[in-house]
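None of the figures in this text is laboratory data; all of them are computed from the coordinates on show. From a predicted model like this one, the values you see are computed outputs, not experimental measurements. As a convention, Cβ positions derive from the backbone with ideal geometry for all residues, glycine included, and neighbour counts pool all protein chains shown.
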Number of protein chains: 2
Amino acid sequence: MTPSNVMNIKNLKQACKACSLGDLCLPLGVPLEDLELLEGIISRKRPVHRGDLLYQAGDPLGCLYAVRCGSVKTFVLTDDGEEQITGFHLPGELLGLDAIGDGVHPCTALSLETSSVCEIPFDGLEALAGRTPGLQHQLLRIMSRELQSDEQLMTLLGKRASDARLAAFLLNLSDRFGRRGFSRHEFNLTMSRNDIGNYLGLAVETVSRMFSRFQSQDLITVRRKLITLHDIEGLRRVAGLHGQQAQCTAACEQRPEVSAGG
Amino acid sequence: MTPSNVMNIKNLKQACKACSLGDLCLPLGVPLEDLELLEGIISRKRPVHRGDLLYQAGDPLGCLYAVRCGSVKTFVLTDDGEEQITGFHLPGELLGLDAIGDGVHPCTALSLETSSVCEIPFDGLEALAGRTPGLQHQLLRIMSRELQSDEQLMTLLGKRASDARLAAFLLNLSDRFGRRGFSRHEFNLTMSRNDIGNYLGLAVETVSRMFSRFQSQDLITVRRKLITLHDIEGLRRVAGLHGQQAQCTAACEQRPEVSAGG
DNA sequence: CGTTATTTTGATATGTGTCAAAGCGTGTGG
DNA sequence: CCACACGCTTTGACACATATCAAAATAACG
């Protein structure tokens, strides 16, 4: 009705092919000619704002959502009414896959900041996947990876102490930000301390205390929402991820601290 | 080489169509004519015994495995070498889906008793799913449901006390046994107390104490591996699953104990 | 039938939740 | 632009649930 609508239609054309995070999202491995078919069913919504819901628990599954920019949290409501956060989602990640089983969203998705998401009608995606082996494969891969990361989270929640949980959480975010071209050493937490505690199965106070402790150990600097990682290897040690990446010789036992400008 | 091989070949023909748990497994929703194609790629192995491995962490993904009878546990090895159990799997359940992402099994699958499993080459399954919409849909559904159940487990591990965890675990098993035609009230635990504790993020001793407590509260009877549930509604209350099924009025506050023959 | 593994029970230690309150940033209205 | 109020975060004190340590009881296995 207004000129702005025309703009929106134009924006729609600016889909997967031009999207900077293509290879983190569904299009990875999908041949160019099929990509256009995928673009055909995806629509890009207006930006959503902090606190906006993408979908709510109980909603019928209409679309999956891909985060384009910003961040989103998903949570289920336990039977006594409190929320359990099931994930924080960064650009390139697909939301709503847990709704395919019953055709109903089991959790709610809420935007943590001003974000942009792509809407992908599931019916269309499924039909297209049947005709496009690369897309089917990528869809299965994405779901499989989510199963894998859930398994890691279970280990964290089931076996690890509070410091290991928070350290693993920070390292996980660092890694995911890094893959998206952001700094691995410095990033903003878009979720509250409360959310972090909820996700990690810890009280808010414990999260806060651990942040303070890590800071006093020169592992990180905390300045409100801004986190700076100074000693990633040290964090790995706290997280219980011994020498996963670099060769772990004597170096694991040394390294007292790395001073950095305060 | 021996006559017994001939028997095995005959057994192979006795595939999905004749399988008693067809509608719990992959074939659900797959039309009859496509079912034969599915049967074509599935092979049924000899029984596996207690302690046998179906696959190990690090193995390349060759096949998915469907439990036909018996039970299997899957676990990842944490970086400091201890195992974290990620699931117990009953007949009709599909194992190895978490390997699709990287083409490598992230966890190990070990049979808890004498079991029988079907081997499903993933390549073939994927190719067939591309030609069979019903099969593709069922595969996506199975993976989605697993995501959903992981979310529930996260809530359990993150928020619930030890009694709620164990109660929820028993109810979950009861429900799954029930769906498979076994008793919902009485079943054998094929896993050790250690395994249960590992899975639920509890010490063995705590699991044992909770079993004793539930028994003294007349919620269950424990006789070694054999568990009998006497008061499912009571267990639901302990698990924090308030009035999910029946209406929960004043009864929730009353009911001091229900005596039963000891 | 003896040996070993598993399970149960008890005593104690400790990490983390809970309660309480202060500090700090953010946003709002005068 | 400043003052106030509100929410979020941090810090402290304490209590409690559960892990840990230790040992007995019981089942499993050769």
Quiz item: Averaged over peptide B:136-146, how many Cβ atoms belonging to another chain are found within 10 Å of each residue's Cβ?
Solution: 6
Quiz item: Taking N as the number of residues in the range B:62-116, what is its alpha-carbon radius of gyration divided by 2.2 N^0.38 Å?
Solution: 1.13
Quiz item: Per 5 Å bin from zero, what fraction in whole % of the C-alpha pairs of chain B is there, up to the bin with the longest pair?
Solution: 1, 5, 11, 15, 17, 15, 12, 9, 7, 4, 2, 0, 0, 0
Quiz prompt | Sum of side-chain charges, A:LEU77 neighbourhood, beta-carbon under 12 Å (Lys, Arg +1; Asp, Glu -1) | solution = -4
Quiz item: Gaussian network model of chain B, Cα springs within a sub-10 Å range: biggest mean-square fluctuation belongs to which of B:GLY62, B:GLY240, B:GLY81?
Solution: B:GLY81
Quiz item: Which distances, in nm and shortest first, link the A:ASN194 label point to the same label point in every other copy, taking 7 Å along Cα→Cβ?
Solution: 4.3
Quiz prompt | Nearest 10 degrees, 0 to 90: helix A:162-179 Cα axis against chain A principal axis | solution = 50
Quiz item: In nm, one decimal, shortest first: how far is the label point of A:PRO31 (7 Å from Cα along Cα to beta carbon) from the matching points in the other copies?
Solution: 2.6
Quiz prompt | Fluctuation leader among A:HIS89, A:HIS185, A:HIS242 - chain A, Gaussian network, Cα springs under 10 angstrom | solution = A:HIS242
Practice problem: Take the cross-link list B:LYS17/B:LYS73; A:LYS73/A:LYS225; A:LYS159/B:LYS73 and give me the ones stretching past 23 Å between alpha-carbons. | Solution: B:LYS17/B:LYS73
Exercise. With runs of 4+ DSSP H residues as the only contributors, calculate the mean residue ellipticity of chain A at 222 nm using -39,500 (n - 2.57) per run, divided by the residue total and rounded to the nearest 500.
Key: -12500 deg cm²/dmol
Self-check item: Hz values of 3J(HN,Hα) by residue in the range B:42-49 - Karplus curve (6.51, -1.76, 1.60), Gly and Pro given as x
Solution: 8, 10, 10, 8, 3, x, 9, 9
Practice problem: Can you tell me the 0 to 90 degree angle between the C-alpha axis of helix B:122-131 and the longest principal axis of chain B, rounded to 10? | Solution: 80
Quiz prompt | Surface/4 of the Cα convex hull for the range A:160-252, nm² | solution = 5.9
Quiz item: For chain A, modelled as a Gaussian network with Cα springs under 10 Å, which listed residue fluctuates most, A:ALA99, A:ALA18, A:ALA167?
Solution: A:ALA18
Quiz item: From the label point of A:ASP79, set 7 Å along Cα to the beta carbon, how far off in nm is each other copy's matching point, shortest first?
Solution: 3.7
Self-check item: Neighbouring partner chain Cβ atoms per residue of A:102-115, average, 10 Å criterion
Solution: 1
Practice problem: Would you mind checking the tilt of helix A:32-41 against the longest principal axis of the Cα atoms of chain A, expressed as 0 to 90 degrees and rounded to 10? | Solution: 80
Quiz item: What does the average come to when, for each residue of peptide A:152-165, you count the partner chain Cβ atoms lying within 10 Å of its Cβ?
Solution: 6
